[in-house]
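Bear in mind that the values in this text are calculations on the coordinates, not laboratory data. Because the structure is a prediction, the values reported are computed rather than measured. With ideal geometry, Cβ positions are generated from the backbone for all residues, glycine too; neighbour counts draw on all protein chains shown.
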Amino acid sequence: GDSVTQMEGPVTLSEEAFLTINCTYTATGYPSLFWYVQYPGEGLQLLLKATKADDKGSNKGFEATYRKETTSFHLEKGSVQVSDSAVYFCALNYGGSQGNLIFGKGTKLSVKP
Amino acid sequence: GAVVSQHPSRVICKSGTSVKIECRSLDFQATTMFWYRQFPKQSLMLMATSNEGSKATYEQGVEKDKFLINHASLTLSTLTVTSAHPEDSSFYICSARRSRGASATNEKLFFGSGTQLSVL
């Protein structure tokens, strides 16, 4: 079945460091891909998405490119801030609708001053 | 922005008791809500889709008689874990779908902050 695999955490970085959180997927069709973020004490929020191959989603300095050839959707940010400390979830589904999401396990990011 | 309130955030109960978790969309109507569960170091897994005014749709392997879902209004869905056992201890999260128009691309999903259930 379809699945999402993302790198194990926790990830600890210093402020202004470069961030990569790897995400790969297995899918029978052509899913839409998402990154969600959960800040402490809050609900998951959509961070960015891409609906087809080669699309790049971006938001708040974060980027991820839908790579069909490597079935990946790695999350990157050039310079992280303490406020980026959160849990990041990679997810997929079909049709662009945000229901019936298949999530990865989540990666906890801690950014130190 | 749209807010989904989930309550309680944490609950500890004895084995055999029932626990109710509420999910409310505070400033929009949600005809569809979703319930997820996350075991430690595992993925967030969809349990069921809750539709206002009709029976919930459960994912394969989820016991509908154990996880009772009620979506009686456009702003409230409840998940009741009946006769809870230690293996039901998990993190439960709800989400509510806000739709604007018929296009799927116009819809947005808003999540609650989750409920950590611990069954002793």
So for R0 = 22 Å, FRET eff. of residue B:26-residue A:45 from the Cβ-Cβ r, to 0.05, ends up at 0.90
Of the candidates A:85, B:30, A:30, the farthest towards the positive dipole end of the protein assembly as shown (Lys/Arg Cβ +1, Asp/Glu Cβ -1, centred on the Cα centre) is B:30
In debye to the nearest 20, the charge dipole size for the stretch A:39-113, taken about the Cα centre with +1 at each Lys and Arg Cβ and -1 at each Asp and Glu Cβ, equals 100
For the protein assembly as shown, the dipole about the Cα centre with charges only on Cβ (Lys and Arg +1, Asp and Glu -1), to the nearest 20 debye, works out at 280
Computed over chain B, the relative contact order (Cα-Cα under 8 Å, seq sep at least six) in percent reads 35
Computed over the Cα atoms of the stretch A:48-113, the Rg and Dmax in Å are 12.8, 40
Note: residue B:52 to residue B:82 extended length (0.36 nm per residue) minus current alpha-carbon separation gives 8.7 nm
Exposure-ranked with fewest Cβ neighbours within 10 Å first, A:33, B:109 stand as B:109, A:33
Semi-axes in Å, largest first, for chain A (Cα gyration tensor, √(5λ)) are 23, 14, 12
Quick note on B:85, A:74, B:71, ordering by fewest other C-beta atoms within 10 Å, gives B:85, A:74, B:71
In nm², the average projected area of the convex hull spanned by the Cα atoms of the stretch B:52-98 is 3.9
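Need one number for the protein assembly as shown: average projected area of the convex hull over its C-alpha atoms, nm².
12.7
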Here the Cα Rg-to-2.2 N^0.38 Å ratio for chain B is 1.03
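Can you give the FRET efficiency to the nearest 0.05 for residue A:26 and residue B:73, using r as the Cβ-Cβ distance and R₀ = 45 Å?
0.75
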When B:37, A:67, B:24 are arranged by how many other beta-carbons sit within 10 Å of their Cβ, fewest first, they go A:67, B:24, B:37
